[in-house]
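The values are calculated or read from the model by the stated rules, or taken from the named source; none is laboratory data. Note that the coordinates shown come from a computational prediction; the quantities given were computed from them, not determined experimentally. Reconstructed Cβ throughout: ideal geometry from the backbone, glycine too, with neighbour counts over all protein chains shown.
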Amino acid sequence: MKLWAATKNSNKAREIRQILGDKIEISTLLDVPNFPEIAETGNTFEENALIKVQTLWNYVREPAFADDSGLEVDALKGAPGVHSSRFSAPEPSDSKNIDKLFAELKDVPAAKRTARFRCVIVFLDENGSPRTFEGTLEGLIGFERKGTNGFGYDPVFILPGKNRTLAEISAGEKNLISHRGKAVEALFQFLKVRYNIT
Ligand code: ITT
């Protein structure tokens with residue numbers, strides 16, 4: 001089947017395609033020339049996912065979903081949360097986001113650097129009816145970058161008990177345990193039944 005993903009993040013799109021495999025053909029906002037920026041004005045991952053997917057669905061009126069995701073750090077009362085991609089605004093980048101995270105956690109000891117990634121997916125079918133799927137991954141924020149795989153905060157997100165960051169494991173290993181892996185897998189199971197994908 002053909003499925004729209006309301007994302008301009010090519011790293012997310014790569015992970016989503018790897019998880020869904022070749023039975024589902026993903027098109028993204030990067031395939032629509034000049035698609036306007038979508039303002040993520042929601043206060044929760046779910047609100048933002050709905051804003052993104054509804055904007056795309058209004059344009060294509062075909063099955064579509066959005067992933068809204070981010071990092072919640074306990075010592076920062078859940079920040080950066082929905083602001084994860086723009087944490088180092090006004091000109092954010094993955095690298096500057098990590099620098100800001102280190103600065104805000106500079107007095108926080110290892111045991112108190114608990115965090116989680118959260119991913120919320122909202123899917124709209126061809127009639128615009130919504131379904132929500134969610135996944136989380138618990139971990140710890142390190143004191144230095146390690147590894148070059150993945151994207152975003154992966155080089156500083158340590159997997160508990162593994163002494164490795166998300167950027168030190170393969171894409172396949174990440175997809176098996178990650179917040180996005182769990183949410184997209186739940187979406188996949190739903191789609192298989194709903195659209196008779198064998
Ligand atoms: P779209 O809205 O176009 O999908 P985005 O990057 O702006 O792209 P979000 O608003 O959902 O997406 O923000 C997600 C941010 O959370 C992302 O840019 C990273 O900073 C962080 N993040 C989410 N998942 C991550 C992962 O698997 N590994 C590392 N960082 C992640």
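For the range 157-164, does any single residue satisfy the condition of being free of Cβ contacts under 8 Å to residues at least 60 places away in the same chain, under 16 Å from the mean Cα position of the chain (by Cα) and near the ligand (Cβ under 10 Å from one of its atoms)? No, that holds for no residue.
Scanning the range 134-191 for residues that are within 18 Å of Ala66 (Cα to Cα) and among the basic types (Lys, Arg) yields Arg180, Lys182. Scanning the range 19-34 for residues that are more than 10 Å from the ligand (Cβ to nearest atom) and among the hydrophobic types (A, V, I, L, M, F, W, C) returns Ile19, Leu20, Ile24, Ile26, Val32. Put simply, of Asp99, Asp67, Asp94, Asp74 the only residue that is charged (D, E, K, R) and free of Cβ contacts under 8 Å to residues at least 12 places away in the same chain is Asp99. Of Val122, Val108, all but one fail to be touching a Pro at 6+ places or on another chain (Cβ under 7 Å), outside any helix (DSSP H, G or I) and surrounded by 15 or more Cβ atoms within 10 Å (Cβ to Cβ); the exception is Val122. Scan the range 40-81 for residues that are in a helix (DSSP H, G or I) and not small (Gly, Ala, Ser) and the total you get is 17.
Scanning the range 89-98 for any residue that is within 24 Å of Pro36 (Cα to Cα), within 11 Å of the ligand (Cβ to nearest atom), outside any strand (DSSP E or B) and β-branched (Val, Ile, Thr) turns up nothing.
Screening Glu15 on (1) within 15 Å of Arg180 (Cβ to Cβ); (2) outside any helix (DSSP H, G or I); (3) of a type in the set (Asp, Glu) shows it passes everything except condition (2). Can you find a residue that is of a type in the set (S, T, N, Q) and within 17 Å of Pro130 (Cβ to Cβ) anywhere in the range 40-53? So far as the range 40-53 goes, yes, one or more of its residues are of a type in the set (S, T, N, Q) and within 17 Å of Pro130 (Cβ to Cβ).
If I filter the range 143-198 down to residues being among the β-branched types (Val, Ile, Thr) and either farther than 29 Å from Ser88 by Cα or exposed (fewer than 14 other Cβ atoms within 10 Å of the Cβ) (or both), which single residue comes out as modelled with the lowest pLDDT?
Residue satisfying both the conditions and the ranking: Thr198.
What do you reckon, is Ile16 within 12 Å of the ligand (Cβ to nearest atom), under 18 Å from the mean Cα position of the chain (by Cα) and of a type outside the set (Ser, Thr, Tyr)? Against the criterion (within 12 Å of the ligand (Cβ to nearest atom), under 18 Å from the mean Cα position of the chain (by Cα) and of a type outside the set (Ser, Thr, Tyr)), Ile16 qualifies.
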